[in-house]
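The structure under discussion appears below in the form of structure tokens.
The values are calculated or read from the model by the stated rules, or taken from the named source; none is laboratory data. These figures come from a predicted structure and were not determined experimentally. Cβ placement follows ideal geometry from the backbone for every residue including glycine, while neighbour counts extend to all protein chains displayed. Ligands, DNA and RNA are excluded from the accessible area calculation, which covers all protein heavy atoms including side chains. Shrake-Rupley method; radii C 1.70, N 1.55, O 1.52, S 1.80 Å.
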Amino acid sequence: MSELDGMPVLVFDLTGPFAHYKKIFATTTALTYPIPPKSSLYGLFAAILGLEKEGNNYLNSFREGSCRVAIRLMRPVAVQRLTINLRPSFGALRGTENRKPTLMEFVDRPHYRIYFTHRDEELYGKLKDLLERGQSFYTPTLGIANLIGQITYVGEGKAESSREEDIDSVLPKRALEKLLPPPPGRNTRLMEVGQYAVEMLPSRDVTVRENIVLDRGGLPIAARVTDAYRITGLSENADRVLFF
């Protein structure tokens with residue numbers, strides 16, 4: 001039996017006009033990951049739940065191995081680059097300061113489907129209740145504070161281990177054994193993204209990073225993988241995902 005076999009899974013959609021998840025290696029320009037890093041999703045879950053933000057205490061509720069997440073692209077990835085005037089410090093500009101024009105990337109009209117499960121049944125149950133009622137303690141955002149997000153609850157399913165070779169979600173590269181030829185007529189646009197943050201301590205030190213593989217068009221990826229799961233109980237065609 002696989003690790004998550006039989007575990008309940010909450011499924012919700014995350015959308016908004018723009019998203020920005022800054023790449024760790026970007027310096028002179030603010031490049032964005034195409035999907036939210038798992039460590040950023042911890043902040044989103046904490047905002048919904050109303051967990052303590054001071055000292056990043058909310059991260060104690062998401063210690064490595066306690067929370068598992070899968071992410072599916074529900075629309076193709078489109079990126080816009082805009083020049084933003086950034087202030088060098090908080091508050092009013094001082095006499096010697098000038099705004100700094102900075103090129104920033106934004107994911108345009110992102111639509112992600114998030115799959116969430118957690119070892120803590122109480123935390124899981126609280127999140128389920130809030131999602132069902134369409135409530136959140138704090139405003140959900142898409143990476144930075146002024147990019148407001150919309151959460152739409154899809155439902156609760158169950159994870160069942162599978163040897164699927166057509167995966168709907170983003171793939172952690174460690175789980176990828178072999179890419180397979182796509183079915184006729186499926187025009188895949190695969191991309192690999194490096195330095196994707198997976199686990200983070202309250203000190204904000206990232207302890208786990210991975211490379212990920214996704215299809216820019218949001219299409220399923222034909223691949224032989226380890227630890228694939230079908231999310232049953234939501235529709236006749238169960239989603240096929242890999243968890244981080």
(request) Could you figure out which of (1) within 20 Å of L31 (Cβ to Cβ); (2) in a strand (DSSP E or B) isn't true of I144? (result) (2)
(request) Considering (1) surrounded by fewer than 21 Cβ atoms within 10 Å (Cβ to Cβ); (2) part of a strand (DSSP E or B); (3) of a type outside the set (F, W, Y), say which one V69 fails and leave the rest. (result) (1)
(request) Count, please, the residues in the range 184-203 that happen to be touching a helix residue (DSSP H, G or I) at 6+ places or on another chain (Cβ under 6 Å) and surrounded by fewer than 15 Cβ atoms within 10 Å (Cβ to Cβ). (result) 1
(request) Considering only residues that are over 20 Å from V79 (Cβ atoms) and small (G, A, S), look in the range 2-52 and name the one that is nearest to the chain's Cα centre (by Cα). (result) S39
(request) Count, please, the residues in the range 184-210 that happen to be closer than 20 Å to R240 by Cβ and either among the hydrophobic types (A, V, I, L, M, F, W, C) or in a loop (DSSP other than H, G, I, E, B) (or both). (result) 8
(request) Could you pull out the residue among F45, F62, F90 that is aromatic (F, W, Y) and either surrounded by fewer than 21 Cβ atoms within 10 Å (Cβ to Cβ) or at pLDDT below 90 (or both)? (result) F90
(request) Working only within the range 207-222, note down all residues that are open to solvent by less than 50 Å² (accessible area, probe 1.4 Å) and farther than 13 Å from L180 by Cα. (result) V208, E210, I212, V213, L214, D215, G217, G218
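Among the residues of the range 211-226, which ones are of a type outside the set (D, E, K, R), part of a loop (DSSP other than H, G, I, E, B) and in contact (Cβ under 8 Å) with a residue 40 or more places away in the chain? Write out each step before concluding.
First, pick out the residues of the range 211-226 that are of a type outside the set (D, E, K, R): 211-214, 217-223, 225-226.
Now restrict to residues that are part of a loop (DSSP other than H, G, I, E, B): 217-220, 226.
The answer is G217, G218, P220, T226.
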